[in-house]
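To start, the structure under review is shown below, and the notes come after it.
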Amino acid sequence: MLLSSTYAKRYPRVARAWLPRLIFILAVFTGAFAEQTDSTGEVERLMSVAKTPQQEGHYDDAIRAYRQVVALSKKSPKNAALAYFNAGTIYLQFKKHTDAVNAFQHSILLEPNSAEANNNLGEALAFLKQYSQAVVAFQRAIALDKNLLVAQFNMGLTYSQMGQLKYAAFVYKVLVRDHPDYAPGYDGMAVILAKSGRAREAIPLHQKAVSLSPDNPSFYYNLGISYLVLGNTGKALEQKEKLLQLDPLAANRLATFIAKYQK
């Protein structure tokens, strides 16, 4: 009874002693939750805000918004990774390749399993002629997502830029074998054949790419170049005429190339 009575008298005092601390903890938790909620809301707002200037071509404003997202996303790596990724895409578009590399590297540090970020990093590195590092980035992208076909295409293109045409041909051969409906794979293989002195073999592959994706102007341009390599100016001019409707600038570039070839 004594024990029971003593317990009964002490319990209310213990409860009251803890009450101020409990209130303090709840207040801190509530404040932190509110702060986190506000931060999350602001991040979402800034992400939305950044899209408008990006679509309208006001890229400096978009970059500023993404930097603010990064600053607010210390506890949300995914948001920061996405902001870095979006900023890197803008830098890549405007040929600020060093800035793009930095942005994609930060994005990958926060979200290492992003195949797209690794692919884009490879593109930026390739523009800077850091080809070996670019190939490594493309390999990581492919390992993360075998269906990211652009990464395989870019790896073949990079090998071509390095002068390693056999490696490039192997990459495109596998790409076409495994994905027979992927038009860029055929065009990439055709370009490699033309560069290797096998332009006649390249023509059917160019034509296959055109048949799969008839609205892609680069396929007509590359087909025109291969015809020129074969000395068939008439067929090259046919590709120029087709390009006039799809991409007048590309048509003018091909026309200039044809004119130089004829001199």
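Shown here: segment 163-262, whose C-alpha atoms stretch 36, 26, 19 Å along the first, second and third principal axes, sorted largest to smallest. Express in whole angstrom the spacing between the alpha-carbon centres of segment 128-151 and segment 220-247. Centre-to-centre distance over Cα atoms comes out at 31 Å. How many percent of the accessible area of segment 184-252 is carbon or sulfur, using a 1.4 Å probe? Here it works out to 52 percent.
Length gained on full extension, D60 to R200: 45.7 nm, using 0.36 nm per residue less the C-alpha separation. Note that segment 57-157 shows a convex hull volume over its alpha carbon atoms of 87 Å³ per residue. Over segment 121-263, accessible surface divided per residue gives 53 Å², non-protein components excluded, 1.4 Å probe.
Percent relative contact order of segment 128-228, based on C-alpha pairs within less than 8 angstrom and at least six residues apart? Relative contact order comes out at 18 percent.
With respect to the cross-link table entries K235/K260; K96/K129; K173/K240; K240/K260; K208/K242, which display a Cα-Cα separation exceeding 18 Å? Flagged as over cut-off: K173/K240.
The values are calculated or read from the model by the stated rules, or taken from the named source; none is laboratory data. Being a predicted model, the structure only gives us computed values, none of them experimental. When the accessible area is computed, the model is the full protein with side chains, heavy atoms only, and any ligands, DNA or RNA have been set aside. Shrake-Rupley method; radii C 1.70, N 1.55, O 1.52, S 1.80 Å.
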